[in-house]
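The values are calculated or read from the model by the stated rules, or taken from the named source; none is laboratory data. The structure displayed is predicted, hence computed values, not measured ones. All Cβ positions, glycine included, derive from the backbone under ideal geometry; neighbour counts span all protein chains shown. Areas reflect the complete protein model, heavy atoms only, side chains present, ligands, DNA and RNA absent. Shrake-Rupley method; radii C 1.70, N 1.55, O 1.52, S 1.80 Å.
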Amino acid sequence: MKHFMRMVVQVWFYFYCICVWRCLKFILRKLTGRCELQRICYKNKHGAGRTLKIETSLKSSKTKLLQTAVSVHPDAIEKTIDDIMALKNINVDTNPQLGVSLQACLLQIVGYRNLTLEVEKLRREAYDSDNPQHEEMLLKLWKMLKPGFPLEARISKQWCEIGFQGDDPKTDFRGMGLLGLYNLVYFAEKDTASALQILSDSLQPKCSKISKTEWEMKKFDKAIGYSFAIVGINITDLAYNLLISGALKTHLYNVAPEAPTLHHFQQTFCFLMHEFHKFWIEEDPLDIMEFNRVRAKFHKRILKQLQNTDMALCPHFTASESLVNV
């Protein structure tokens, strides 16, 4: 009975807050002559701060047109904006910038939703060794990470040299599917120097408190920092969860002037690889058995950064200047 009464109070309080909020919005509309969407667009610069508020406003609206605006097809965005302007009795001639601002926000909102679908599709597609394209990508990864060192055979212990667990990398892609391979290839191709440096570092002892001689005396089988490819797949999982949970909206709404794409997601992965590598060195774990602890701590750090609506995880991947103030 006590639990039931608590639920009743919570439900009542929820609806009470909704009523108060709607009354407040009505009063503000009368006082300012502007609807909530106008107030958000005029008070906030282009980026996550504005788009997140627009998204919340649309989703919490009691009008179906506004509720469904966040999930329309990209080709229907322009018409949707026209319909919203008409619904809100906003004069297009006297508010020309509003339509442009709303369109930019909707492109980001709809684009983020479509990006999650695209990423999810890649994650669900299993690596198929009978698929020539899959095999070609995998061999491309080897050539970029081990230039000048031919792969002796498709099934080979050489794969361990770039951080896979066994003789056949396909078994390591089971968790993240093709998404893990796509990200690793993107990193090796677009930021080759960094990928090679991190791979080289990962093959070195990371525990500064133990000398090389001591490591050798302890006879560790692999005195390494971590397995590069396996960590890449693990960081892919981290990036995926940030995306699916919506935590990555802050970053992507700030770096993508319009619709965020797979390209933006993969840039984010590269950044996370860079940052995790530095974080691993800072933490100086004793061995790979501490990986989960370090990863969890790193995850919390990134989440905390993303709570800032001005945050862009990749400073050099910023929105184009022409759209900063739309």
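For every residue, the table says whether it meets (1) farther than 24 Å from Ala256 by Cα; (2) in contact (Cβ under 8 Å) with a residue 40 or more places away in the chain; (3) open to solvent by 60 Å² or more (accessible area, probe 1.4 Å); (4) in a loop (DSSP other than H, G, I, E, B).
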{"position": "Glu275", "(1), (2), (3), (4)": "no, no, no, no"}
{"position": "Met289", "(1), (2), (3), (4)": "yes, no, yes, no"}
{"position": "Ile302", "(1), (2), (3), (4)": "no, yes, no, no"}
{"position": "Asp310", "(1), (2), (3), (4)": "no, yes, yes, yes"}
{"position": "Leu313", "(1), (2), (3), (4)": "no, yes, no, yes"}
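Look at Gly163 and say whether it is open to solvent by less than 10 Å² (accessible area, probe 1.4 Å) and within 23 Å of Asp201 (Cβ to Cβ).
Working: open to solvent by less than 10 Å² (accessible area, probe 1.4 Å): yes; within 23 Å of Asp201 (Cβ to Cβ): yes.
It is true that Gly163 is open to solvent by less than 10 Å² (accessible area, probe 1.4 Å) and within 23 Å of Asp201 (Cβ to Cβ).
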Quiz prompt | the range 53-66, subset crowded, with 17+ Cβ neighbours inside 10 Å and either within 12 Å of Val110 (Cα to Cα) or among the β-branched types (Val, Ile, Thr) (or both), residue farthest from the chain's Cα centre (by Cα) | solution = Ile54
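Could you identify the single residue in Leu145, Leu179, Leu184 that is farther than 25 Å from Pro285 by Cβ and modelled with pLDDT of 95 or more? Break it down into steps so the answer makes sense when it comes.
Working: Leu145 fails: farther than 25 Å from Pro285 by Cβ; Leu184 fails: farther than 25 Å from Pro285 by Cβ.
Among Leu145, Leu179, Leu184, only Leu179 is farther than 25 Å from Pro285 by Cβ and modelled with pLDDT of 95 or more.
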Quiz item: Inside the range 72-92, can you point out the residues that are farther than 30 Å from Gly180 by Cβ and either in contact with a Ser or Thr (Cβ under 6 Å, 6 or more places away or on another chain) or open to solvent by less than 60 Å² (accessible area, probe 1.4 Å) (or both)?
Solution: Val72, Ala76, Ile77, Thr80, Ile81, Asp83, Ile84, Met85, Lys88, Ile90
Exercise. Quick one: count up the residues across the range 232-273 that are open to solvent by less than 10 Å² (accessible area, probe 1.4 Å) and under 15 Å from Met176 (Cα atoms).
Key: 9
Exercise. Test each condition in (1) closer than 19 Å to Tyr182 by Cβ; (2) in contact with a helix residue (DSSP H, G or I) (Cβ under 7 Å, 6 or more places away or on another chain); (3) polar (S, T, N, Q) for Gln133 and report the one that comes out false.
Key: (2)
Quiz prompt | Top-ranked residue in the range 93-144 [being of a type in the set (Asp, Glu) and either open to solvent by 70 Å² or more (accessible area, probe 1.4 Å) or not in a helix (DSSP H, G or I) (or both); ranked as farthest from Asn241 (Cα to Cα)] | solution = Asp93
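Could you check the range 95-140 and list, in sequence order, the residues that are small (Gly, Ala, Ser) and under 17 Å from Asn44 (Cα atoms)?
Of the residues in the range 95-140, the ones small (Gly, Ala, Ser) are 99, 101, 104, 111, 126, 129.
Of everything in the range 95-140, those that are small (Gly, Ala, Ser) and under 17 Å from Asn44 (Cα atoms) turn out to be Gly99, Ser101, Ala104.
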Quiz item: Looking at (1) open to solvent by less than 10 Å² (accessible area, probe 1.4 Å); (2) modelled with pLDDT of 95 or more; (3) part of a loop (DSSP other than H, G, I, E, B), can you tell me which one Phe298 breaks?
Solution: (3)
Practice problem: Take Ala69 and decide whether it is without any contact (Cβ under 8 Å) to a residue 60 or more places away in the chain, surrounded by 15 or more Cβ atoms within 10 Å (Cβ to Cβ) and over 23 Å from Asp310 (Cβ atoms). | Solution: yes
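Run down Glu120, Glu136 and say which single residue is closer than 26 Å to His264 by Cβ and in contact (Cβ under 8 Å) with a residue 60 or more places away in the chain.
Values: Glu136 fails: in contact (Cβ under 8 Å) with a residue 60 or more places away in the chain.
Within the list Glu120, Glu136, the selection yields Glu120.
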